[in-house]
Structure formats: C-alpha cells, structure tokens
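Peer 1: I have a structure here, written as structure tokens, and I will follow up with some questions on it.
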Amino acid sequence: MISQTKGETVTIVLDGEDVEVPAGSNLVDAAALHSKEIPHYCYHPQLSVAGNCRMCLIEMGTPMRDRQTGEPVLDEDGVPKIGWVPKPVIGCATTVSQGMHVKTISDKVTDCREGIMEFLLVNHPLDCPICDQAGECRLQEFATDYGRGYSRYVERKNVKPKRTRLGPRVTLDDERCILCSRCIRFCQEVADDDVLGFVDRGSYSTLTCFPGKELQNNYSLNTVDLCPVGALTSTDFRFKMRVWFLKESPSICTESSAGSNILVSSREGEIHRITPRRNDEVNDSWMTDSGRALYKQVRSDDRLLTPRGNGTDKILDHAITTATNILKDKEIAVVGSCHGTLEELYLLNRLSKITNSKKYLRGYFGEDDGILLSADRTPNLRGALLSGFTNSYPKDNLKSLNNDLKRGGLDAVFVYRDDILNSEVDEELLKGIPLVFMGTQKNSTSDLAEVLIPSLTSFEKKGTFINRSFFAQGFEQAVPGPAGLLPDLLILSKIIEGLDEESKIDPDLSLIWKNLGSPPKSPLKGITFNDVLESPVKVDGSKWESLPFVEKKAMHYLPV
Amino acid sequence: MISKKIPKERRIILKNADDPSYSNKISCYLKRGGYKTLKKSLKKKPEQIGEEVLKSGVRGRGGAGFPTGMKWKFLDRKSGKPIYLVCNADESEPGTFKDRQIIHKDPHQLIEGMMISAFAIQAKQAFIYIRAEFFEGAKILERAIQEAKDRGFCGDNILGSEYSCDLVVHRGAGAYICGEETGLIESLEGKRPNPRIKPPYFPAVLGLYQCPTIVNNVETLCNVIHIMDMGGEKFSQIGKPNNTGTRIWCVSGQVKNPGYFEFECGALTMGEMIYDVCGGLLPGRTLQAVIPGGSSAKVLRADERFKGTLKDGSEFDWGIEDIPLDFDGPMSAGTMSGSGGIVVMDNTVDMVEAMANINAFYAHESCGQCTPCREGSLWMKKITTRMCSGDAREEDADLLLSVANQIEGRTICAFGEAAAWPTQSFVKKFRKDFLKKAKTQKRKKNSFQLI
C-alpha cells in the first residue's frame, strides 16, 4: 500500500503533457487520474504492490543531474535532458517524482503489452463460453485492447485442476489462474488469515491452501471479486448467470453498522449476487461473505407475503385500515427497529408522537471481527438516533416493554420488524392486547399478530442508513418488491394519515429529509437525500459521543 | 594462435586446496597462517577495511561482476537496523563448480573472509546460504564453524575484540532462483524464493527481514582476506585495471582436460585456456562453440570475429581464441564472463539439442512469479523439445527469437535475461542449424493446428 501524502502534488510529464498528480502516488493511479489507462492485473490500490504481472510496463525517465554538482543537465536548447531508464519499468511500483517523464503510449510499451498478453494467454484455456468471468474479465478486455489478436502458440497447453474446492464458498479453476497473487495478498493483509499460497514452479505454479487449511474466513468471497480472471469463482454464483444480463444497483449492506457499500446484481427482478462497491472511507473494496448471502431473504421461505387483517381478509389496504383502527385513540406502544431506514424511523417517530405513545427499541449485538463485521448487527442504530426515534443506546432486550405491559395501561402494540417475543417480552402479558406487526420475515411476533402488514426488504426500496462512522449512505431500489406489497414509507404514511389527518406526510424522501434537517441544531441540516445517494455524507455525531457504542476498532473506524 | 608455453596458474584462493598434505581441518589452516589476517583486521577500523576493498577494485565473482567495495558503500548504516551478511553459496549456474572447491577443500578460508567482511560492515549476524545439493559441503562448513567458534574466530567477542557475530549455515531450497540475491533473501526468511522488486527492495537498504543486507559470493568473500593481507593497493595490481585479482575458471565440455583453474584476470586468452591449459579438443574434433560464463551467458561461435573499441580506446579484432579471460574481455565480445563456467562444444554437438537442454533447465527453474519468464521459458522449452523430436518447423527459429526478445528486460530479476540470452545467441549464431532441423526432420502430417 503506497502511502499518499495528502494535499501535496508534483508535476510529471505524462505522454508529453504536464499534469499535476498527488505526491507519493504510483504511476498507475496517477495516470488514471488523467484518464490514461495503464493496464494491470496484479496491482490493486488497496493491496501491497507485487509487481509480478508486468502488464503495467511503461517507459520512464527523470531529468538528468550532474554527478558532481547536482545541477540539472541541459541540452543544446537549454531544456533539461531526460535520462530514460533503458528497460521498461512497472508503473505500479514507480512512485511519481517532480519532473518525471512517462510514456504510456510508445512502440516499446505496445510491444511489452502485446508480449505480456501473449504470454498470459499461451497457457490460458479457451473457456470463455463457459466461464463465469466472461464479460467482466480483465484478460478478455486487455487482450482486446492491447493484445496482438492472433496466436503463435502451437504447443500443448498446461493442464491443471479445474475444480478445486478452496473453501466452503470458493471454487478454483487453476488453469485460468494468471498467478497475480492478489488473493494471497488479500488473505494476508486484509482478512488476516494467511491460508493461500503457490506450490510448484514456473508455469506449473498452482494456487492452493496450506495443508490442512481451508479458505473459510468470512471474507473469502472477496478473493473472487479480486481475481482478474475466472480462476476463483463463487460456489454460490458459479455457472448460474451470465454477467452481462445483470443489472447493478448501488446499495448498502444491512448486516452490521459497518455499512459496506455494495452492488446488487439482479436480472428480471431476481437478485443473483451481491458484490462490494469501492468506498475508501468505509469498506475499501471489501465486504463480508455473510453480508453477500443476505439477498437470500428476499425469496426465502419465511418471507411475509400475505397481509392479515380482520380475520381472513388478505387485502393490504384493509389490513392497513384495520391497523389504523386498532391504534386509534389508544395507549399504544411503538416498537421500532434499527433495521429500518432513517426515513422510516422518522415516520415511526411521527406516528408515536401523534399517538402520544411510548417508544421501544432493541439492539442486536455480536462479536466484532475488527474488519467489516461490527459488534452492532444492525445497519442503522445511528439513524435511529438522528431520526429522533431514540436518544438512548438500545439494550439487547425489551424488558422495559415487558415491565410496562406488566404495569398495565397499554391497549395496543405496534411492532415494526422486531421480534418482541424473542426480546424477553412475556407472551402471557400480550393476551388481549391487539398486536400490529409490520415486517418482511416471519417470526414468533408476526405469528401472534392480529394484523400483519408485509413490507419490503432494503433491496426493494430506497432509503438511508447511517453507519458506525456516522456516514449517511443512501441506497437505491435494486429489484421491485413482491406483487401487491407497498413500501414501508407509504404504509407508515397511510397509517399516520388515518390516525390524524393533520399530521399527514407524503412518503417522499426529499420531503422527509427537508423535515429532518429543519430543526435549527439538526446535524442533517442542508443535506438532501440526493447528496447521500451520490456519496456518503459524514454527519456530526458528537451529540451522542457519550453513548456506549459497542463497536471496536476496525477498518476505517476508531471508537470515540 | 596456439602458444607453445602453457600459461602458469596463479593460485591465491585455491593456494592450499589441492595440496595433498592439506586438509580442511582448522589445524591445517592455522599451520598455513590462517586467521592471522582476521586478527590483524580486527585491530583496524571497520571503515578502513571497506576502504581497502574499494581500493582493491575487486569485482563480485557471482556473475554480475559488480565492484564489491561499492556494494558495501551502498549499505544503509543510518537506519539503526541490524546489518546482515549473507554468503551466496548457492552455486547453481550450469557449468560452474568453483565455490564447491573452496567449501570442500578450504572452508576456513571462507569463514575467515566472512568474519573480516562481517566486521567491516559491522554485521550483527552472518549466514552462509549453501546450495541444497551440497550436503557434504554443508556438513564440512558446520564442522569448520564449530572449530572456528571453539577457538574464538567466530561467535561472541571474536579474538577479544568485543565484536561479536554469529555464523550460521542455511541449507538452500534446491532451486536455481535461490541464488538470485533477493530470491535468496526470501528463501532465507523461509518463504518461496520469489525475487523482490527493485525498487524498493534493494538488499543494501531493505534486505533480510527488511534490514540492510550484503550478499556476496563465496569467492568474493575469500578474496577479502587476501586484500587485507596484501593491502588493497597491491591487490589491485594483480590482473588488469578494472579486472583485479585472480579468477577461478571452470572448464567443462569436450576438452581433454576439463577442470577448474585459477589465473590472474586477463593473464590468458580463451584459446590458451582451451588448447594449452585444458589440453585441447578431443582427437579429430573441431571447435564449434563456447559458452564463456555459465549457461546464461551468450554463446560464442568458433568462426566469429569480434570487433570494436576497448575502454582504453584501442581497437580490437578477435577470433574466439583471442578473447582475454577477465571481466571486460568476454563483455567486449558481446557476452559475459558470468560465474566463470566455460562450456566448450565441439563439432559433434547438435546446437539445437544443446539449446533444448538449456531451455529445459530454465523452464524448470523459473520461479513462476512474473509472467514473461514463467510463460516464456516454458514456451521456449516446448518449442526446442518439439524441434528435437522430429517436429521442427522453419518458422521456429524466428519464433524462438521473438519469444526470447519478449522476455529480456521485462522481468523482476535477471533470470529473464539468463533465460533469454542463450536462446537469442543460439538462434542468431546458429540459425542454419535451426533451419536445417526443419528440413532434415520429417514433419508429421497435421501435427500442428493453431489453437
């Protein structure tokens, strides 16, 4: 990881043009800033430099200096002479320096690239028609862009294992491997689980796990994304879908408060995979394996699809009306969830305000892995704070609700997504108290509920989550929700309207953001939903500094 | 061209080696004045030793011929990190067998040379990285080090000088690439010997365990004793300017009397070496080619003429026999003296088969880290192997040359050149043989289809 000195720049001459680049950056990154591509395989901006693919060979020279005096050497015209390095150098391991001359386009560079492409392809199988990587394969792309276009190879290709199980989620096709070592470096440097390595020599080198070990850490699937070719494949995704059919939508991982930025790939409304989206302030280019599996909840068996209201009525609108009637003019308890979006929690807060009811919120906690799975297993606890739904740090139970139920005086309970029976609330106490449940997955509370309003998962709606570092991150709808269901915001807005005509609010994200930012001291002042959708916006969280946040030091996060 | 007088060897490094009354025990070494120079050197300032070595002009004997004194000067002494000295005894270049003689026959000379050098660079720890196949040599060295330690020549507080440096023998990992400076360091650290990228990993700054490290060849380190013994000034008068000291040449191939011979640099020519020292070729044979510095050096054809201007400005016009045996002579002839392994090939050698043999070696020994060498060396091997098994094509010569050109200068370490140079020179100089293969050997029908 080559460090970049912040703010300082140097001037280099890139293909004859003077350009400013950040001091300390390498040539691959520096050229990319000026829309010049230096093709590369082994280099990854968030891993150490290996310099082994040799695809980024370019010509480089620095102004010559007199050995004795240290003065620049000038030619006849008084222009500093450039001492070109006789051999081509690799861009990834060359740090920019003042006055450096770089040629990314020249006969020599073209020859290098053609040569390397040919070498990479001589033992690479012609698997493209059945390869999962086809369509997003660097080998295909660079072969087209920089290759010679024909083969001179008549010998037999090397034969290697085609389907090695590296771990529970990763399958390796060794023949396709170009030995760039990205996966090895990732496991050493990011996942902190050094299990991969090469055995054998030369062209017969083969990627394997150390004897008796498996690639089974919770970040193993990142190696699949990192792999520039189709060698490492996701066992889950393998042979299921051609990538060019997939529609990619930016979203946010809901697994924990780390809030990894993700891309949801879907085709015709069905999600096929989740991959990380680069964000150097949140998750670099990584995400957890467990987070990738979350899309399965969309079409899982426990997904709530049928509304329930007033006995056997299965019409959503009726269920919403029934719910409104139950909640109207009663002492109710509102149970929120840190799985709700910032906007939903805002409406939920509004709902509790107009019904003058008490609010309850439970946190979900687990082990912190120090990387991208934080101890807070909800995506939006800080959103609950910012929405005004809560001011205190939630406990991992709802004993307070249990106590209030015991004390009596509650006429109805509105549960948003949470499973209160699983949170130390006694089922006996709920007898005779109507329960309205709104959520996506079936649980013991939804089973008990008198009125059930199915809602949408984060893949099926828009919204905002606020992660552990107080980054407000908006996300897009990736797939349409199941037929007949409505977005949570619309349902909540309907209930609010039914409860109190005057408090009516349109389920419009920009409007909600306007409201969120309207109090004079609001940390969300001046920010719009479009801002957070475009890129994460750091929100001032100093107001809650004293709360006992459970997250430990991790990637891009330092506990206060 | 063949002279009457047989040039006389000047044995400095191998002075004692082949004496029947000499053994590799410490008693023998001490009897012949061993470890005296170490005693003398420990009284000097470390920088003084460095100065002497620089003055001597001694060049590395491992292959690249880089001035040793300069190498020591590049050492990063300001970092505060410990400094390491590593002896490269991974002699793996085909055609070279000089270090083996030193290790087997005079191990204490290496130990003394290493301790002087370690003191000069103020090393905290010294290693001998010995080729895996030299198991006997490793045993000898282990014993010799113990003998030296028992007498205080090595280890803690050497000869009461308050300088301590432990010496450890590390057996190599059995690969040619372990002899590459940074590959050796990786291997010594216990990893795969994948050479490191330079920059930033120059051993003198970021070497073993990311600390400043000096890696020197066995013969080079032995030379340090003699430099300190006679003084850098006097040492620099042996041989020729810029080619100081003696060199051990290892001659193999079709000569009557192959072996290793120590001569002053430039004291004799290739012709004298082959015809006088080694007794000439086998009866009825004629010289076809010579590889002058281990298999990775470019081959020389017997009927070539080498013309050009030397560094001192004088013109030269040499036949193969006239090439002086030093560092600059073979360099002027477009090849290199490398590790001093002279391979002589007479007219019975099939040059394509010789090429196939060399290519097989490099394909087997490529570490596989960087693309050009990994894929190129195997491809070249596959081509030459095919050519030798009756499937040669006329276009193979050009293809070989093109593949080699695609490797040279584009790899992490010098292995790329080592693999490319033989092919480049063989194809260029023996093109006819490669084309002849295609004509004389029958091609099977439909055996080649572009993949």
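Here, each number is a calculation from the coordinates, and none is a lab measurement. Just so it is clear, the structure is predicted and the values come from calculations on it, not from any experiment. All Cβ positions, even for glycine, are placed from backbone atoms using ideal geometry, and neighbour counts span all protein chains on display.
Peer 1: Working out 0.36 nm times the residue gap between A:VAL85 and A:LYS399, then minus their Cα-Cα distance, what length gain in nm do you get to one decimal? Numbers along the way, then the final one.
Peer 2: Details: separation 314, 0.36 × 314 = 113.04 nm, distance 7.17 nm.
Between A:VAL85 and A:LYS399, full extension yields 105.9 nm more.
Peer 1: Moving on to the next point. If you take the charge dipole of the protein assembly as shown about its Cα centre, with +1 on Lys and Arg Cβ and -1 on Asp and Glu Cβ, which of B:PHE434, A:PRO161, A:SER374 is farthest toward its positive end?
Peer 2: B:PHE434
Peer 1: Let me ask something else about it. Could you give the size of the charge dipole of chain A about its Cα centre, using +1 on the Cβ of each K and R and -1 on the Cβ of each D and E, expressed in debye and rounded to the nearest 20?
Peer 2: Values: 67 positive and 79 negative charges, 185 e Å.
Dipole of chain A, to the nearest 20 debye: 880 debye.
Peer 1: May I pose another question? Counting Lys and Arg as +1 and Asp and Glu as -1, each charge on the Cβ, what is the dipole of the protein assembly as shown about the Cα centre in debye, to the nearest 20? Write down the numbers at each step before the final one.
Peer 2: On the way: 131 positive and 133 negative charges, 589 e Å.
Dipole size: approximately 2820 debye.
Peer 1: Between the helical axis of A:316-327 and the dominant principal axis of chain A, each derived from Cα atoms, what acute angle in degrees is found, rounded to the nearest 10?
Peer 2: The two axes meet at around 60 degrees.
Peer 1: What ranking of B:LYS240, B:LYS234 emerges when the number of other C-beta atoms within 10 Å of each C-beta is taken as an exposure proxy, fewest first?
Peer 2: Working: B:LYS240 17, B:LYS234 13.
Final ranking by Cβ density, sparse to dense: B:LYS234, B:LYS240.
Peer 1: How many partner chain Cβ atoms sit within 10 Å of a residue's Cβ in peptide B:405-414, on average, as a whole number?
Peer 2: On the way: counts 2, 7, 3, 1, 6, 11, 3, 6, 0, 0.
Going residue by residue through B:405-414 and averaging, the value is 4.
Peer 1: Order of A:97-106, A:48-57 by packing, highest average Cβ count within 10 Å first?
Peer 2: Details: A:97-106: 16.9, A:48-57: 24.8.
The packing order, highest mean first, is A:48-57, A:97-106.
Peer 1: Now for a separate question. When Cβ neighbours within 10 Å are restricted to other protein chains, what is their mean count per residue of peptide A:87-95? Don't skip to the answer; put the middle values down first.
Peer 2: Numbers: counts 6, 2, 2, 4, 0, 1, 6, 1, 2.
For peptide A:87-95, the averaged partner shielding equals 3.
Peer 1: Straight-line reach from B:LYS149: which aspartates and glutamates fall under 15 Å, measuring Cα to Cα and dropping same-chain residues less than 8 apart?
Peer 2: Once the sequence-local aspartates and glutamates are set aside, what remains near B:LYS149 is B:GLU112, B:GLU162, B:ASP166.
Peer 1: Between 0 and 90 degrees, rounded to the nearest ten: what's the tilt of helix A:107-122 against the longest Cα principal axis of chain A?
Peer 2: Relative to chain A, helix A:107-122 is tipped by roughly 70 degrees.
Peer 1: Something else: For B:ASP18 paired with A:SER546, estimate the spin-label separation in nm (one decimal), with each label point 7 Å from Cα along the Cα-to-Cβ line.
Peer 2: 9.1
Peer 1: Cα to Cα, under 19 Å, and not fewer than 8 places away if on the same chain: which lysines meet these conditions relative to B:LYS191?
Peer 2: A:LYS213
Peer 1: What lysines could a cross-link reach from B:LYS78, if we take a straight Cα to Cα line under 18 Å and drop same-chain neighbours fewer than 8 places away?
Peer 2: Here the lysines satisfying the reach criterion relative to B:LYS78 are B:LYS45, B:LYS124.
Peer 1: Now for a different question. Cut-off is 10 Å between beta-carbons; in what order do A:TRP513, A:TRP84 appear when sorted fewest neighbours first?
Peer 2: Values: A:TRP513 23, A:TRP84 14.
Fewest-to-most Cβ neighbours within 10 Å comes out as A:TRP84, A:TRP513.
Peer 1: Ranked by Cβ crowding within 10 angstrom, fewest neighbours first, how are B:THR384, B:THR348, A:THR440 ordered? Please list the in-between numbers first.
Peer 2: Values: B:THR384 28, B:THR348 12, A:THR440 24.
Fewest to most other Cβ atoms nearby, the residues stand as B:THR348, A:THR440, B:THR384.
Peer 1: Determine the percent antiparallel among the DSSP beta bridges restricted to the protein assembly as shown, to the nearest 5. Before the final figure, lay out each step's value.
Peer 2: Details: 72 of 111 bridges.
Of all bridge pairs located within the protein assembly as shown, approximately 65 percent are antiparallel.
Peer 1: In debye, nearest 20, what is the charge dipole magnitude of region A:316-544 about its Cα centre with +1 on Lys and Arg Cβ and -1 on Asp and Glu Cβ, if you could check? Before the final figure, lay out the partial values.
Peer 2: Working: 26 positive and 32 negative charges, 133 e Å.
The calculation lands at about 640 debye.
Peer 1: What order do you get for B:306-312, A:219-225 when each peptide is scored by the mean count of other beta carbon atoms within 10 Å, highest first?
Peer 2: A:219-225, B:306-312
Peer 1: List the residues whose amide H sits under 5 Å from the amide H of A:GLY463, counting only those 5 or more places along or on another chain, with H placed 1.01 Å from N in the peptide plane.
Peer 2: A:PHE475
Peer 1: On C-alpha positions alone, give me the angle between the axis of helix A:488-499 and the longest principal axis of chain A, in degrees, nearest 10.
Peer 2: With both axes taken from Cα atoms, the answer is about 20 degrees.
Peer 1: Please report the relative contact order for region B:26-237, taking Cα pairs under 8 Å with a sequence separation of at least 6, and give it as a percent rounded to a whole number. Numbers along the way, then the final one.
Peer 2: Values: 397 pairs, mean separation 66.2, N = 212.
Relative CO of region B:26-237 lands at 31 percent.
Peer 1: For peptide A:41-51, what's the mean number of Cβ atoms from other chains within 10 Å of each residue's Cβ? Can you show the working numbers first?
Peer 2: Working: counts 1, 3, 0, 0, 0, 0, 0, 0, 2, 6, 8.
Partner-chain Cβ atoms within 10 Å, mean over residues of A:41-51: 2.
Peer 1: At q = 0.11, 0.14, 0.15 Å⁻¹, what log₁₀ I(q)/I(0) does region A:124-245 have when each alpha carbon counts as one equal point scatterer in the Debye sum?
Peer 2: Ignoring solvent entirely, the Cα scatterers give -0.38, -0.61, -0.70.
Peer 1: Next question. Please compare each pair in B:LYS40/B:LYS240; A:LYS247/A:LYS552; A:LYS103/A:LYS157 to a cut-off of 31 Å on the Cα-Cα distance and tell me which ones are over it.
Peer 2: Values: B:LYS40/B:LYS240 27 Å; A:LYS247/A:LYS552 35 Å; A:LYS103/A:LYS157 34 Å.
Pairs exceeding the cut-off: A:LYS247/A:LYS552; A:LYS103/A:LYS157.
Peer 1: May I ask what percent, to the nearest 5, of DSSP beta bridges between residues of region A:316-544 are antiparallel?
Peer 2: On the way: 7 of 23 bridges.
Here the antiparallel bridges make up roughly 30 percent for region A:316-544.
Peer 1: Check A:LYS358: other-chain or 5+ apart residues with amide H under 5 Å from its amide H, H built from backbone geometry?
Peer 2: Residues meeting the amide H criterion: A:ILE332, A:VAL334.
Peer 1: Please list the non-local residues whose amide H lies under 5 Å from the amide H of A:SER48, H modeled 1.01 Å from N, same-chain partners needing a gap of 5 or more.
Peer 2: Distant-sequence amide H within range of A:SER48: zero hits.
Peer 1: Hey, what do the phi angles of region A:56-67 turn into as Karplus ³J(HN,Hα) couplings, whole Hz, using 6.51/-1.76/1.60 and θ = phi - 60°, x for Gly and Pro?
Peer 2: 8, 5, 9, 9, 9, x, 10, x, 6, 10, 5, 4
Peer 1: So, in Å, what gap is there between the alpha-carbon centers of region A:280-353 and region A:190-242?
Peer 2: Each part's Cα centre sits 37 Å from the other's.
Peer 1: Ranked from highest to lowest mean number of other Cβ atoms within 10 Å per residue, what is the order of the peptides A:183-191, B:18-26? Walk me through the numbers on the way to the answer.
Peer 2: Working: A:183-191: 20.6, B:18-26: 13.9.
Peptide ranking by packing, descending: A:183-191, B:18-26.
Peer 1: Using only the Cα atoms of region A:316-544, what semi-axes does the equivalent ellipsoid have when each is the square root of 5 times a gyration tensor eigenvalue? Give whole Å, largest first. Write down the numbers at each step before the final one.
Peer 2: Values: eigenvalues 141, 85, 60 Å².
Over the Cα atoms of region A:316-544, the semi-axes work out to 27, 21, 17 Å.
Peer 1: Continuing with this model, one more query. Along the charge dipole of the protein assembly as shown, which of A:CYS177, B:MET70, A:TRP84 sits closest to the positive end, that is, farthest toward it, with unit charges on the beta carbon of Lys, Arg, Asp and Glu (+1, +1, -1, -1)?
Peer 2: Farthest towards the positive pole: B:MET70.
Peer 1: Among the lysines in region B:349-451, how many pairs, 8 or more places apart or on different chains, have alpha carbons under 16 Å apart? Each step should come with its number before you reach the end.
Peer 2: Details: B:LYS381/B:LYS437; B:LYS382/B:LYS437; B:LYS428/B:LYS436; B:LYS428/B:LYS437; B:LYS429/B:LYS437.
Qualifying lysine pairs in region B:349-451: 5.
Peer 1: Still on this structure, please answer the following. If you take the charge dipole of region B:243-346 about its Cα centre, with +1 on Lys and Arg Cβ and -1 on Asp and Glu Cβ, which of B:TYR275, B:ILE342, B:GLY245 is farthest toward its positive end?
Peer 2: It is B:ILE342, whose Cα lies furthest towards the positive end.
Peer 1: Which value, in Å³ per residue, describes the convex hull spanned by the Cα atoms of the protein assembly as shown? It would help to have the intermediate numbers written out before the result.
Peer 2: Working: hull volume 215.0 nm³, N = 1011.
Dividing the Cα hull volume of the protein assembly as shown by its residues yields 213 Å³.
Peer 1: Filter B:LYS55/B:LYS81; B:LYS55/B:LYS139; A:LYS553/B:LYS198; B:LYS81/B:LYS105 down to the pairs with a C-alpha to C-alpha distance above 31 Å, please.
Peer 2: Working: B:LYS55/B:LYS81 27 Å; B:LYS55/B:LYS139 35 Å; A:LYS553/B:LYS198 35 Å; B:LYS81/B:LYS105 35 Å.
Table pairs above 31 Å Cα-Cα are B:LYS55/B:LYS139; A:LYS553/B:LYS198; B:LYS81/B:LYS105.
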